[in-house]
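Input: a single structure, listed below in structure tokens.
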Amino acid sequence: MNSSSLIDAIGNTPLLRLTGVTRDLPRHVEMYVKAEWFNPGGSVKDRPVRQIILDAERDRRLGPDRTILDSSSGNAGIAYAMIGAARGYRVHLVVPGNVSEERKHILRAYGAEVEYSDPLEGSDGAILVARRLAEHGGDRYFYADQYNNLSNPRAHYETTAPEIFAQTEGRVTHVVAGLGTSGTIVGAGRRLRELVPSVQIMAVEPAGALHGIEGLKHMASAIVPGIYDPSVHQRKIPVRTETAYAVARRLAREEGLLVGQSSGAAVAGALEVAAELNEGVIVVVCPDGGDRYLSTALWR
Ligand code: PMP
């Protein structure tokens, strides 16, 4: 027998070289995507959610009598629902009502209780509903609070960053990732700076408050996560929704990579960075796959 548990299958995702959308870049600029949709729950959020649950079990904040509670724009919710099912926990999620239909179906399939918040209030509306439930729920809930839980960046500090370092054999010069909870940028960025002091950490965010890039936050107009540390990134790159969608479509057609809109945004930001370089090894974190958005405007 050679078997392992579901949570051991999280991480160690492939690093894939881009060869199509990068055609016009200088020859010595290499661009790679960290293909996070290879995680068992289909997104990067499997990493922080595993860490949040294991850390909480270890300090007895989470036990069999508690329901895992959090807000999520979708992918963390799927990770809670999947890992919760595997470890025998009830899961209660607050999700903005306008997340993709595919996400709603997946959450239901894993047996999570899902509560929808006002679509017009986005992920911040979901945060406020979850907070209220946590305040009034007594001991019923373990409020995972991914926006303020240090286990979130720790997951990226301990797994995403060392993987990028090893997969590039220490050659990485630039890391580009979107800002949502900021766990990826803060955790992976911090560790990669320790491993490669000259590395440039680039954070991609939506160009405006109203946007269609699921999973990303426009920090200036949103509830700023407690875990966010802006000193970790050297630069913030604003990306427009149309650009993110256009690059996601190019990744499907020119690279064979079916990714979501935040991956489109991250690669769009990376292409901007790459155009200014003569040489470099750029790693772009691509959080999820495009099949979760087939019913949305991304593929219409
Ligand atoms: N893209 C997608 C699709 C996501 O679900 C998330 C997580 N919210 C992100 C990007 C941003 O990642 P992080 O929360 O680590 O900043």
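The values are calculated or read from the model by the stated rules, or taken from the named source; none is laboratory data. Bear in mind that the values here come from a model prediction, so they are computed numbers and not experimental data. We place every Cβ from the backbone using ideal geometry, glycine too, and count neighbours over all the protein chains shown.
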For region 193-223, how many residues are of a type in the set (Val, Ile, Thr) and farther than 21 Å from GLY77 by Cβ? 4
The correct count of residues that are surrounded by 24 or more Cβ atoms within 10 Å (Cβ to Cβ), touching a strand residue (DSSP E or B) at 6+ places or on another chain (Cβ under 9 Å) and assigned to a helix (DSSP H, G or I) in region 174-196 is 5
Got a number for residues in region 243-273 being among the hydroxyl-bearing types (Ser, Thr, Tyr) and within 12 Å of the ligand (Cβ to nearest atom)? 2
Of the residues in region 67-113, those that are of a type in the set (A, V, I, L, M), within 16 Å of the ligand (Cβ to nearest atom) and part of a strand (DSSP E or B) come to LEU93, VAL94, VAL95
Taking region 230-257 on its own, how many of its residues are within 19 Å of the chain's Cα centre (by Cα) and either touching a residue at least 60 places away in the same chain (Cβ under 8 Å) or in a strand (DSSP E or B) (or both)? 8
When region 137-173 is examined, which residues are found to be under 24 Å from LEU195 (Cβ atoms), among the charged types (D, E, K, R) and part of a helix (DSSP H, G or I)? ARG154, GLU158, GLU163
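Here are LEU18, LEU93, LEU69, LEU107: which of them is under 28 Å from GLU158 (Cα atoms), crowded, with 21+ Cβ neighbours inside 10 Å, in the same structural domain as ARG171 (by TED's automatic domain parsing) and not basic (Lys, Arg)? Don't jump to the end; show me each part of the working.
Working: LEU93 fails: in the same structural domain as ARG171 (by TED's automatic domain parsing); LEU69 fails: in the same structural domain as ARG171 (by TED's automatic domain parsing); LEU107 fails: in the same structural domain as ARG171 (by TED's automatic domain parsing).
Among LEU18, LEU93, LEU69, LEU107, only LEU18 is under 28 Å from GLU158 (Cα atoms), crowded, with 21+ Cβ neighbours inside 10 Å, in the same structural domain as ARG171 (by TED's automatic domain parsing) and not basic (Lys, Arg).
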Please specify each residue of region 3-13 satisfying the condition of being in contact (Cβ under 8 Å) with a residue 40 or more places away in the chain and at negative phi. SER5, LEU6, ILE7, ILE10, THR13
